[in-house]
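Read the structure below first, then the notes.
Read-outs throughout are calculated quantities, based only on the coordinates presented, and are distinct from any laboratory measurement. Everything quoted here is computed from the prediction, not taken from an experiment.
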Amino acid sequence: MADHPHAQSLRFRVKIDGDGDLGNWSKCDGLSVEYDVFEYKEGGENAFIHRIPGRAKYQNVKLTRPVN
């Protein structure tokens, strides 16, 4: 059995269009988005409220990998 310490951990490759390859990573945090929600009450039907998404807020993406 060959000694492959990298085969024991989960890795993925990150590529960006136009900028090329960012390499292999073992962890990715911050993949989320939040929307501001605007509520508008309907004029004729007072029991219904329209909820419309507004501006999107993105979290910072953090890529990590161990250093040998």
> Straight-line reach from Lys62: which lysines have Cα under 16 Å away, leaving out those fewer than 8 places along the same chain?
Replying inline: Lys15, Lys27
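Please quote Rg/Rh for the chain to two decimal places, taking the Kirkwood radius as Rh and restricting both calculations to Cα atoms.
Result for the chain is an Rg/Rh of 1.33.
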